[in-house]
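Note sheet for the following structure.
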Amino acid sequence: MITPELERYTRALHKKLNLTFDMLTDLHLKTAEQFRLVFKLPDYLRDLYKSFGNALDSFHDELEFRLPIPARYVVDKQGIIRAADVNADYTIRPEPSETLRQLRVLTG
């Protein structure tokens with residue numbers, strides 16, 4: 001998993017959820033930029049986030065209030081992308097079971 005959240009925030013979440021995989025930090029969204037998956041929150045959403053106490057600027061060390069578009073890639077050992085799902089609507093995500101199925105196909 002890659003997230004723009006700084007490690008000091010993801011470390012606690014990783015422990016709380018007892019995750020068995022690594023959470024990597026995409027500092028300043030450099031990786032998301034390479035995949036063209038970055039958008040800047042409009043002012044009205046920035047204000048809304050702030051009103052809920054969500055300080056993206058602190059969590060991400062990102063002054064411009066940018067976020068990555070949620071994406072999922074299944075990459076084989078040769079670095080070839082075998083499956084990709086990208087949707088600007090963060091509420092639409094692939095089923096985890098589908099990701100596991102694709103991984104099982106790759107690992108035979």
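The values are calculated or read from the model by the stated rules, or taken from the named source; none is laboratory data. Note that the coordinates shown come from a computational prediction; the quantities given were computed from them, not determined experimentally. Every residue, glycine as well, gets a Cβ built from its backbone with ideal geometry; the counts of neighbours run over all protein chains shown. These area figures cover heavy atoms from the full protein model, side chains too; ligands, DNA and RNA do not enter into them. Shrake-Rupley method; radii C 1.70, N 1.55, O 1.52, S 1.80 Å.
Structure data summary
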read-out	value
Options 60, 84, 4, ranked by Cα towards positive dipole end of the chain, top entry (Cβ charges)	84
In degrees, nearest ten, helix 96-107 long axis to first principal axis of the chain (Cα)	40 degrees
Translational diffusion of the chain, µm² s⁻¹ [Kirkwood Rh, Cα pairs; Stokes-Einstein; 4 °C; 1.567 mPa s]	83 µm²/s
Cut-off 15 Å between beta-carbons: net charge of the residues surrounding residue 14, Lys and Arg +1, Asp and Glu -1	+1
Surface accessible to a 1.4 Å probe, per residue, for the residues of the chain, Å²	76 Å²
Whichever lysines have a C-alpha closer than 28 Å to that of residue 50, once near sequence neighbours (fewer than 8 apart) are set aside	15, 16, 30, 40
Exposure rank, largest accessible area first [51, 58; 1.4 Å]	51, 58
Amide H within-cut-off set for residue 38, under 5 Å, with H built and near neighbours excluded	69
For residue 2, residues with placed amide H under 5 Å, excluding near neighbours	24
Sum of side-chain charges, residue 99 neighbourhood, beta-carbon under 12 Å (Lys, Arg +1; Asp, Glu -1)	+2
Helix-only CD estimate at 222 nm, as mean residue ellipticity for the chain, using -39500 (n - 2.57) per DSSP H run (n ≥ 4)	-10500 deg cm²/dmol
Heavy-atom accessible surface of segment 1-69: percent carbon and sulfur, 1.4 Å	54 percent
Segment 6-84 - percent relative contact order, Cα under 8 Å, separation 6 or more	27 percent
Probe 1.4 Å - accessible area at residue 39, Å² to nearest ten	80 Å²
Other-chain or far-sequence residues with amide H under 5 Å of residue 82's (modelled H)	74, 75, 76
